[in-house]
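The values are calculated or read from the model by the stated rules, or taken from the named source; none is laboratory data. As the structure is a computational prediction, the values presented were derived from the model and not from experiment. Backbone-built Cβ (ideal geometry, glycine too); neighbour counts: all protein chains shown. Only protein heavy atoms, including side chains, enter the accessible area calculation; ligands, DNA and RNA are left aside. Shrake-Rupley method; radii C 1.70, N 1.55, O 1.52, S 1.80 Å.
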Amino acid sequence: HRLLRLKSVLHSHMRNDGRQVMIFVNTRKMADELTRIIGSWDGGDYRVDCLHSGKSQYQRQGTIQAFRSKMFDVMVATDVLG
């Protein structure tokens, strides 16, 4: 139910002006899982990556730079200190 609602919100938000979305979750596991799920929606139509403390500093910086450069549409993130 929540995933269907999220998919609907993402779809309606992102079809306007190529907007990007940042989604915050509580755990690294949830970030990885939600990234996988969103990436599979609509035949992989959503470009998505995640950001959490399980990634190296180099990987986190690369993810942030890629998001700023609009290389992907959705970032799923945790508090990287947690």
Next on the checklist: Under 9 Å between Cβ atoms, which residue pairs at least 6 apart in sequence (or on different chains) link something in the stretch 3-25 that is loosely packed, with under 14 Cβ neighbours inside 10 Å with a partner that is of a type in the set (Asp, Glu)?
Outcome noted: 11/42; 18/73; 19/73; 24/79
Item to check | Condition check for residue 78: touching a His at 6+ places or on another chain (Cβ under 7 Å) and either open to solvent by less than 40 Å² (accessible area, probe 1.4 Å) or among the β-branched types (Val, Ile, Thr) (or both) | outcome: yes
Checklist entry - Counting only residues that are open to solvent by 50 Å² or more (accessible area, probe 1.4 Å) and either touching a strand residue (DSSP E or B) at 6+ places or on another chain (Cβ under 9 Å) or part of a helix (DSSP H, G or I) (or both), how many does the stretch 26-56 have? => result 10
Checklist entry - Here are some conditions: (1) more than 12 Å from residue 75 (Cβ to Cβ); (2) modelled with pLDDT of 90 or more; (3) of a type in the set (S, T, N, Q). Residue 35 meets all but one. Which one does it not meet? => result (1)
